[in-house]
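Written out below as structure tokens is the structure these notes cover.
Every number here is computed from the coordinates shown, using simple stated rules; none is lab data. Remember, predicted model here, so these are calculated numbers, not experimental data. Here the Cβ is made from the backbone with ideal geometry for all residues, glycine too, and neighbour counts use every protein chain on show.
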Amino acid sequence: HNSGLKSRPSYPQRSSSPLPETSLSDTFREARHDQKRFSTPGPRGKPSNEGNMDKLRSKELGESKVLRLKSRSNSPNGLVKPDNNSNHQKDLAWTKCLDNSGGGKVTETDERWNVDLSKLFLGLKFAHGAHSRLYHGVYKEESVAVKIIRVPDDDENGTLASRLENQFAREATLLSHLHHPNVIKLVAACRKPPVYCIITEYLSEGSLRAYLHKLQHKPMSLQKLITFALDIARGMEYIHSQGVIHRDLKPENVLIDEDSHLKIADFGIACEEVVCDLLADDPGTYRWMAPEMIKRKSYGRKVDVYSFGLMLWEMLTGTIPYEEMTPIQAAFAVVNKNSRPVIPSDC
């Protein structure tokens, strides 16, 4: 695979690769509307556990309740069960999945992962994507992360609905078969179109992106880098051993637990290697994407190795790859100019 990092003499400045003056290829043009491909967002601040936790939402017996709960030192993560004085408010579209009437299923045959909605409590939102929201919650007395995916109301022809449902089904199915210390653990899931819900374990230390942000562009210690790299590599090796390609490895999709161990998360665009080339979707994030994916050529698990190499480079240098370029400039330079991040001479 010829898309790995190249060792060259260190150059202090790299000139930005300008956008091509000719029209963009279909690959770039069709991807412009997809926020996911261009995002490397800054981490969001953690909500305070002191005082009142604002509006924890729950659905029990088919009723929508918005609860104002106080943080308690003896409750996990400050979340507690509803009391009898809870105020009833209008249902929110994002939480339709939590309507207990009829139940929510992953598939008709896989009962293990069905949500017992009477035991799910939804707390504060801590992240979001173009069509999804991530909430901290409690499920069966355990702290969890709740990913809610919702089809927008303006999806007139149903194309986006079909894509989001397929992504949900793939993520839930793949996670239900992946069991490894360095891979996020599935807890439950439900399918209630136009809303879908995936519940996983909650990792309190946030993402690798947030960790790198706290370093303020300083490289991490060599020992920490090796520890983190091995965790990601072990998770990636296991995923590949199961015939799965993640396709969107980046610091935002690697989470840290309370023991400083890393776990690969967000399998929304992962796929089984034998069918990846047959999928019509256009996944990944340009800055971290292997050139064969950008060019829509045949690819395999090595695209994850390429993304892993870029993550190692960022952990080593404290700098986002191609930081002075826009995502589309970076993709153009990688594909057309064979650009790669330069390994510092003092490594």
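In plain terms, the chain from ASN157 to VAL274 could stretch by 39.2 nm, reckoned as 0.36 nm per residue minus the Cα-Cα distance. Largest first, the three principal axis extents of the alpha carbons in segment 175-268 are 45, 28, 23 Å in whole numbers. Net charge of the neighbourhood of HIS180, taken over other residues with C-beta under 12 Å away and scored Lys/Arg +1, Asp/Glu -1, is +1. When the pairs LYS218/LYS250; LYS185/LYS218; LYS297/LYS337 are compared against a 23 Å limit on Cα-Cα distance, LYS185/LYS218 fall above it.
What separates the Cα centres of segment 154-195 and segment 297-347 is a distance of 28 Å.
Tell me the label-point distance for the pair ILE226, LYS214, using the 7 Å Cα-to-Cβ offset, in nm and rounded to one decimal. Distance between label points: 2.3 nm.
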